[in-house]
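Readers should treat all values here as calculations from the given coordinates under stated rules, not as data from a laboratory. The model shown is predicted, which means the values in this text are computed figures rather than measured ones. Here Cβ is always computed from backbone atoms with ideal geometry, including for glycine, and neighbour counts include all displayed protein chains.
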Amino acid sequence: MFELTNKNAIVTGASRGIGKAVALKLAALGANVAVVYAGNAEKANETVAEIESLGVKSKAYCCDISSFDSAKELIASVIEEFGGVDILVNNAGIVKDCLVLSMKEEDFDRVIDVNLKGTFNMIKNVYQHMMKKRRGRIINLSSVVGLNGNAGQANYAAAKAGIIGMTKSVAKELAARGVTVNAIAPGFIGTDMTAALSDKNKEAIMASIPAKKMGTPDDIANTVAFLASDEASYITGEVIKVDGGMAM
């Protein structure tokens, strides 16, 4: 079992779905967790209560990560209140799916701002802190859509592909400082986001998965836990697909 005792983690989009599973997994391994959310304070506080029941520290922070200044303030607050940041998990993301023919400019921009620029904002504001500590783990949530594309998701695919390029670039910058930067590319994971798909769409997606089943948020959380651990200290700049073979 991986050991994260006394490590401090930030997880964005941690009030539900994959982010919540990640936050709880890190806490179960001993990490203190800053729960970052965008709007649902009730769900975020529920996550905090579950984390605290595991005997570690937690606090909820409301933040629009697409704002550089808000991300800067968030990181500064966590460093002050937790004593530092050892693990950053960039999970927060939104979708505004539509064929390019009908896609509004503002919908393209908002997905890029939250998913891609938000990831940059968080990395930028923890960068120097981790560099000075000469240790850190940055784990970015991309998607198989960022690898293969998907009709109706040009904005989302562009953001997730950008995260992969950013991951590799920042990994090269920070490797000599003991900071690893990796990405996870989930496939079809059972969350509120995928639950909104029609049965026809779900069937089509399931047919494309060699494992013939969707993944769970815990599948992603387990991968995050490994990448956050000392056991993964020589892995950086990688994109790990967790997709049941969907993007082979």
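Here are some notes:
- Chain lengthening between Glu46 and Thr216 when straightened (0.36 nm per residue, less Cα-Cα): 59.2 nm
- Sorting 56-64, 35-43, 198-206 by their mean Cβ neighbour count within 10 Å, with the most densely packed peptide first, gives 56-64, 35-43, 198-206.
- Remark: relative contact order (the chain) = 19 percent; criterion is Cα-Cα distance under 8 angstrom and separation of 6 or more residues.
- Rounded D (µm²/s) - segment 8-242, Kirkwood Rh over Cα pairs, Stokes-Einstein at 10 °C, 1.306 mPa s: 89 µm²/s
- The angle between the Cα long axis of helix 154-174 and the main principal axis of the chain comes to about 30°, on a 0 to 90 degree scale.
- Distance between the modelled labels on Ala76 and Met248, one decimal in nanometres: 5.0 nm (7 Å Cα→Cβ projection).
- Highest to lowest packing among 131-142, 74-85, scored as the average C-beta count within 10 Å: 131-142, 74-85
- Given charges at Cβ of Lys, Arg, Asp, Glu: the chain dipole, positive-most of Met206, Thr236, Leu74: Thr236
- Residue-span extension gain [Leu54 to Phe226] - 0.36 nm each, minus C-alpha spacing: 60.0 nm
- Contour minus Cα-Cα distance for Ser198 and Lys132 (0.36 nm per residue): 18.9 nm
- Between the helical axis of 17-28 and the longest alpha-carbon principal axis of the chain there is an angle of about 30 degrees.
- Length-normalised contact order of segment 166-216 in % [C-alpha pairs under 8 Å, at least 6 apart]: 32 percent
- Helix 217-228 and the longest principal axis of the Cα set of the chain meet at an angle near 40°.
- Computed from the C-beta positions of Met206 and Asp97, the FRET efficiency with R₀ = 22 Å rounds to 0.75.
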